[in-house]
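Engineer: Got a structure for you, written out below as C-alpha cells; questions coming shortly.
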Amino acid sequence: DKADRALRVVYRVAGRGTEELASLGTGKELQIAGPLGNGFPHKEKRAFLIGGGIGIPPMLQLAKELDCEKQIILGYRDDALFLKEDFKRLGQIYVATEDGSCGTEGNVLDAIRENGLTADIIYACGPTPMLRAIKQYAADKDMECWLSLEEKMACGIGACLACVCKSREKDAHTNVNNKRICKEGPVFRAEEVEL
C-alpha cells in the first residue's frame, strides 16, 4: 500500500522460519531483501489472472495494478478461500477447489472451461503442475502467457544458482540453458522456460 507505506506479507506456517515470523507482534522490526527479480508486464488486454495456492497472493497486487478487463481465477485445495474477499472489487472472480467444496470442482483450467471464459493474455502464479498445464493451454489457444515461478531462493542475488530453471536459451551468466529465478525471473514468458 503505497499511500500508507505498508507492506503486507502473506504466508502460511510451514517450518521454523515461518513459525518465528508468526510469533512476531506489531511494531517488531525485520530486515528483508526484496523485491527480487522482475514482475509481470502490464499490458492493456483482456486478461486471465490465475493464482493457485501460494501463487494467489502475487495475483492480488497484479489485480490492483492492471487497468484492463480482468477475470480472476483462483485455485484452492478446499474451502479455506484465503484472500478471496480482497479480490472482489478488482475483477470478476471464479474459484476452483480440488475437493469441490466451492466453485468448480477441479483446477483453474476446469473453472475456465466450465464458465466459458476467454481472454487475450494470461498471467499466472502457482505450483509447477498448474503452470505446466496453463503453458500448454496458452500454446493450444495461441495466447500470450506470463508465468511467475515460485522456487526457494537461497542467496536471492543470482550467485548460488539454487533457484535455476531450464530455459530455451543459454544464460549469459552460466552459459547453459538455465535462468536464475531470482534475477531473470520470477516472471517469464511461458515459451521461455521448460516446466
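Just so it is clear, none of the values below were taken in a lab; they were calculated from the coordinates. Everything quoted here is computed from the prediction, not taken from an experiment. When we count neighbours, we look across all protein chains shown, and the Cβ atoms used for this are built from the backbone with ideal geometry, even at glycine.
Engineer: Would you work out if segment 10-124 is rounded, prolate or oblate? Take a ≥ b ≥ c from the square roots of the eigenvalues of the alpha-carbon gyration tensor; rounded if a/c is under 1.5, else prolate when a/b is larger than b/c, oblate otherwise. Mind showing how you got there, number by number?
Structural biologist: Working: a/c = 2.47, a/b = 1.42, b/c = 1.74.
Oblate, because a/c is 1.5 or more while a/b does not exceed b/c.
Engineer: Along the charge dipole of the chain, pointing to its positive end and built from +1/-1 on Cβ of Lys, Arg, Asp and Glu, which listed residue (Asn175, Val187, Ile50) has its Cα farthest out?
Structural biologist: Final value for the positive-end residue is Asn175.
Engineer: Write down the percent of antiparallel bridges among all DSSP beta bridges whose residues are both part of segment 124-191, to the nearest 5. If you can, show how the numbers build up before the last one.
Structural biologist: On the way: 6 of 8 bridges.
Here the share of antiparallel DSSP bridges comes out near 75 percent.
Engineer: Quickly estimate the mean residue ellipticity at 222 nm for the chain, helices only: each DSSP H run with n ≥ 4 gives -39500 (n - 2.57), and the total goes over all residues, rounded to 500. Let's see the in-between values first.
Structural biologist: Working: 5 runs with 43 residues, N = 195.
Estimated from H runs of four or more residues: -6000 deg cm²/dmol.
Engineer: So which cysteines in the chain don't have a second cysteine's C-beta under 4.7 Å from them?
Structural biologist: Those would be Cys68, Cys102, Cys125, Cys145, Cys163, Cys165, Cys182, since no other cysteine Cβ in the chain comes under 4.7 Å of theirs.
Engineer: Which shape class, rounded, prolate or oblate, goes with the chain when its Cα gyration tensor gives a ≥ b ≥ c as root eigenvalues, a/c under 1.5 marks rounded, and past that a/b bigger than b/c marks prolate?
Structural biologist: Values: a/c = 1.58, a/b = 1.08, b/c = 1.47.
Because a/c hits 1.5 or more and a/b fails to exceed b/c, the chain counts as oblate.
Engineer: Moving on. Using a cut-off of 24 Å between alpha-carbon atoms, which lysines can reach Lys152, once sequence neighbours fewer than 8 places away in the same chain are excluded?
Structural biologist: Lys135, Lys166, Lys170, Lys179, Lys183
Engineer: Hey, another quick one. Show me 154-161, 32-39 ranked by packing, highest mean number of other Cβ atoms within 10 Å first. It would help to have the intermediate numbers written out before the result.
Structural biologist: Values: 154-161: 14.2, 32-39: 12.4.
Top to bottom by mean Cβ count within 10 Å: 154-161, 32-39.
Engineer: May I pose another question? Using the Cα gyration tensor of segment 85-130, with a ≥ b ≥ c the square roots of its eigenvalues, what is the shape: rounded (a/c below 1.5), prolate (a/b larger than b/c) or oblate (neither)? Don't jump to the answer; show the numbers that get you there.
Structural biologist: Values: a/c = 1.30, a/b = 1.11, b/c = 1.17.
Verdict is rounded for segment 85-130.
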